[in-house]
Amino acid sequence: MEYQESERTIIPPSATPQVFLQPLAAPSILGLFGLAGATFIVSAHMTEWGGTAHPLLLVPFAAIFGGLAQFLAGMWAYKARDGLATAMHGTWGAFWIAYGILAYFLSRGTGAIPAAVFPELGYWFVVLAAITWGCMIAAVAENKAMVTVVTLFAAGATISAIGMLAGIDGLLIVAGYVFMCGSVAAWYTGTALMINESHGREVWRLGRSAQARQAPRLTMGIGEPGVIRGQS
């Protein structure tokens, strides 16, 4: 029995290697807008700006915009090889989706969500706080704008966890204001990324770190021809 060797393309040593890049828009533009929008309306309710508005009226927007859209942005950030954005948007996007599911099941048959303070939800914020504080450490290598966003969300999650686990209503109002400040910072950062990308230069400052400015944007990965890392 004879075996025939399959044809292979032999590249001459002198041939110049070619790198093919797949362009990606900054996923954090959508992710930060989703984070800002969902958090703003829920934090407004936490601070009692919404008056007597039924909390279920907020859930669809929070679950879709802050949940689904932001989670997708986190997966696109994974493709852009941005670990910070993957963790931040993936974690908070999953949280808002879970929040929507929880609110739906709690409201079935009762038409209302239990009181704002209940210990079980406090454990959710313990997890969120732990991950988000880790993201803050990573954000130091990116830019000051992202550090501000992540720090405010980590602080808000921490205060929410303490308030819910200890049953202190007043702390939830404080957490609401911290989250509201975080949503404004997230809006600014997302808008800055969008404007800077559209103009091809830094129009709105992000306060990029020296490490981020000096790091090469083109990186090689195992089995990959090449990719642009990051979003800014």
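May I ask you to say which residue of Leu128, Leu121, Leu171, Leu165 is buried (at least 16 other Cβ atoms within 10 Å of the Cβ), within 20 Å of Phe33 (Cβ to Cβ) and at pLDDT 85 or above? Result of the check over Leu128, Leu121, Leu171, Leu165: Leu128. For segment 29-44, indicate whether the set of residues that are at pLDDT 60 or above, small (Gly, Ala, Ser) and out of contact with any Gly (no Cβ under 9 Å at 6 or more places or on another chain) is non-empty. No, every residue in segment 29-44 fails to be at pLDDT 60 or above, small (Gly, Ala, Ser) and out of contact with any Gly (no Cβ under 9 Å at 6 or more places or on another chain).
Residue pairs whose Cβ atoms lie under 7 Å apart, sitting 6 or more positions apart in sequence or on different chains, and linking a residue in segment 87-112 that is within 11 Å of Ile64 (Cα to Cα) to a partner that is at pLDDT below 85 and in a helix (DSSP H, G or I), are Gly100/Val59. Screening Gln231 against (1) at pLDDT 50 or above; (2) more than 26 Å from Phe40 (Cβ to Cβ); (3) assigned to a loop (DSSP other than H, G, I, E, B) leaves a single unmet condition, (2).
Please state which one of Leu206, Leu152, Leu193 is part of a helix (DSSP H, G or I), at pLDDT below 95, under 25 Å from Ala69 (Cβ atoms) and within 19 Å of the chain's Cα centre (by Cα).
Numbers: Leu206 fails: part of a helix (DSSP H, G or I); Leu152 fails: at pLDDT below 95.
Criteria check complete, one pass: Leu193.
The residue pairs whose first member lies in segment 181-203 and is surrounded by 21 or more Cβ atoms within 10 Å (Cβ to Cβ), whose second member is at pLDDT below 95 and part of a loop (DSSP other than H, G, I, E, B), and whose beta carbons are closer than 7 Å, counting only pairs six or more residues apart or on different chains, are Thr189/Leu206; Ala192/Trp204; Ala192/Leu206; Leu193/Ala26; Leu193/Gln231; Leu193/Ser232.
How many of the residues making up segment 156-190 are outside any helix (DSSP H, G or I) and of a type in the set (A, V, I, L, M)?
Here is the first cut: in segment 156-190, the residues outside any helix (DSSP H, G or I) are 167-168.
The next check asks that each one be of a type in the set (A, V, I, L, M); those that pass are 168.
Number satisfying all stated conditions: 1.
Within segment 131-146, take every residue that is within 14 Å of the chain's Cα centre (by Cα) and hydrophobic (A, V, I, L, M, F, W, C) and give me the one that is farthest from Trp204 (Cα to Cα). Filtering first and then ranking leaves Ile131.
The values are calculated or read from the model by the stated rules, or taken from the named source; none is laboratory data. Note that this is a predicted model, so its numbers are computed, not measured. Note: ideal-geometry Cβ built from the backbone for every residue, glycine included; neighbour counts use all protein chains shown.
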